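Step one of this worksheet: look at the structure below.
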Amino acid sequence: MNNGSLNQDGLSGRPLSGVRVLDLTQAYSGPFCTMHLADQGAEVIKIEVPGVGDQSRNWEPIEGGASGYFSYINRNKYGLTLNLKSDRGRELFLELVKTADVVCENFRVGTIDRLGLDYETLRAVNPRIIYASISGFGLDGPEARRPCYDVVAQALGGMISMTGPEGGEMVKVGPAIADNYSGTYLSLGVVMALYQRERTGLGRRLDVSMVDTVFSILETGVMQYTIKGIVSKPEGNRDPVIAPFDAFEAKDGKFVLACGTDKFWASLCNAMGRPELIDDPRFVNNSARVENYIPVLKGIIEDWSRQHTVDELEQMICSVGVPFGRIQNIKQACESDILRRRNMLWSVYDPAFGREIEMPGTPVKMHGCADRADKAAPMLGEDTDKLLGSLLGLSAAELSGLREEGVI
């Protein structure tokens, strides 16, 4: 781990305190990875093009020129501007690599090589460096240099073909799951590589593909095909291999319930006042319930649920221990007692907005560590002078010269 961390007592108890990350990522997948690392105490130095910055600085929601999107996934990071296309900028970056533990990037494949900052070059400078990359299609192969966004990965990875109303149009999953899962996978890979480095002293090259990521989270879709030759299709809210596991209508809205075991099924039958259904041959085990779900079993459940309000159903179903959830919109989720108790909305004063803003917190609750954002997302290059002065020893005159040359 590096010495001379910029992080002070506010982050010192977090598990990645002392780890320095040079963050060359932009948009969503890469910054989501480095957000996880920063939230757990890593000193993440976000490096952006002078005068330009990360493309997500221009993504909605925008207020007064500030992006809530950017602020969310770049909290707890330091901001440095550096022109990596200049010889001097490249030299300074390689000097920073000597002080770092991790470099993260999600450039289009080939870009980092053209900049002369490939893994072999960085490893020659610092053999302990962990070089972590996210790309659309992996680092080699005929598709490697193609650009990729979440919707492309969801399409090619098979997700869109499985998503949407039963018998209806195929649709993407709403949030950018190819990006956030790829970022989360890469952060996990970084932590694995750091752990291994403690024993071997050697760094690693990490390679996460967005298409691979989507394919890896298809759950039963792949196994249904490889075992039974079944090509999955949109099923609406129901699970194709577990029943009942779906959204249902109540008198005043919709809710979900899930019976993944025979015990849950028996409890639901008792809640409905239909104990005879427990041993009904059509529903006696999960396979039978899946086979007879449409239209028989779903119809039986909704004949009952439509007679009650969601509040009444929550009381009845939860009282027998069956998994239940009311379907909430974003406003309701943000105001939910459950999520508020879990501190899943962090408040942070953001100078770009000139006020406190709220954003999703981390779901990784590290007991004994602060559960908050300690630093707002950086203004473009806000820490450049401090970082280059403290880490590389550059003087005020040298920094002024670099600024005039467009290096920083």
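The values are calculated or read from the model by the stated rules, or taken from the named source; none is laboratory data. Being a predicted model, the structure only gives us computed values, none of them experimental. Using ideal geometry, Cβ is built from the backbone for each residue, glycine included, and neighbour counts are taken over all protein chains shown.
Applying the criterion of being over 30 Å from Val103 (Cβ atoms) and surrounded by fewer than 17 Cβ atoms within 10 Å (Cβ to Cβ) to the residues of region 208-223, the residue that is nearest to the chain's Cα centre (by Cα) is Glu219. One residue is enough: does region 155-173 have a residue meeting the conditions closer than 23 Å to Leu22 by Cβ, at pLDDT 95 or above and surrounded by 18 or more Cβ atoms within 10 Å (Cβ to Cβ)? Taking every residue of region 155-173 in turn, none turns out to be closer than 23 Å to Leu22 by Cβ, at pLDDT 95 or above and surrounded by 18 or more Cβ atoms within 10 Å (Cβ to Cβ).
Which of the residues that make up region 240-273 are charged (D, E, K, R), touching a helix residue (DSSP H, G or I) at 6+ places or on another chain (Cβ under 9 Å) and surrounded by fewer than 18 Cβ atoms within 10 Å (Cβ to Cβ)? Passing the criteria: Glu249, Lys251, Asp252, Lys254, Asp262. When the residues of region 274-330 are filtered to those that are among the hydroxyl-bearing types (Ser, Thr, Tyr) and out of contact with any strand residue (DSSP E or B) (no Cβ under 7 Å at 6 or more places or on another chain), the one that is nearest to Asp239 (Cα to Cα) is Tyr293.
The set of residues in region 357-408 that are loosely packed, with under 15 Cβ neighbours inside 10 Å, in a loop (DSSP other than H, G, I, E, B) and either hydroxyl-bearing (Ser, Thr, Tyr) or without any contact (Cβ under 8 Å) to a residue 60 or more places away in the chain (or both) comprises Pro363, Lys365, His367, Gly393, Ser395. Could you grab me the full set of residues in region 1-26 that are aliphatic (A, V, I, L, M) and either in a strand (DSSP E or B) or at pLDDT 95 or above (or both)? Correct list: Leu16, Val19, Val21, Leu22, Leu24. Scanning region 57-97 for residues that are in a helix (DSSP H, G or I), surrounded by 14 or more Cβ atoms within 10 Å (Cβ to Cβ) and not aliphatic (A, V, I, L, M) turns up Arg57, Gly68, Tyr69, Phe70, Ser71, Tyr72, Arg88, Gly89, Arg90, Phe93, Glu95.
Every condition in (1) under 22 Å from Glu219 (Cβ atoms); (2) among the small types (Gly, Ala, Ser); (3) surrounded by fewer than 19 Cβ atoms within 10 Å (Cβ to Cβ) holds for Ser182 except the one numbered (3).
Please indicate, with yes or no, whether at least one residue in region 124-136 is assigned to a helix (DSSP H, G or I) and either closer than 21 Å to Leu84 by Cα or not assigned by TED's automatic domain parsing to the domain that holds Met170 (or both). Looking for residues that are assigned to a helix (DSSP H, G or I) and either closer than 21 Å to Leu84 by Cα or not assigned by TED's automatic domain parsing to the domain that holds Met170 (or both), one finds at least one in region 124-136, hence yes.
Contact map, region 332-344: residues that are over 17 Å from Ala370 (Cβ atoms) paired with residues that are part of a loop (DSSP other than H, G, I, E, B), Cβ distance under 8 Å, separation 6+ or inter-chain. Pairs shown: Ser336/Gln328. Does any residue of region 187-198 turn out to be crowded, with 19+ Cβ neighbours inside 10 Å, among the hydrophobic types (A, V, I, L, M, F, W, C) and under 30 Å from Ala247 (Cα atoms)? Among the residues of region 187-198, not one is crowded, with 19+ Cβ neighbours inside 10 Å, among the hydrophobic types (A, V, I, L, M, F, W, C) and under 30 Å from Ala247 (Cα atoms), which makes the answer no.
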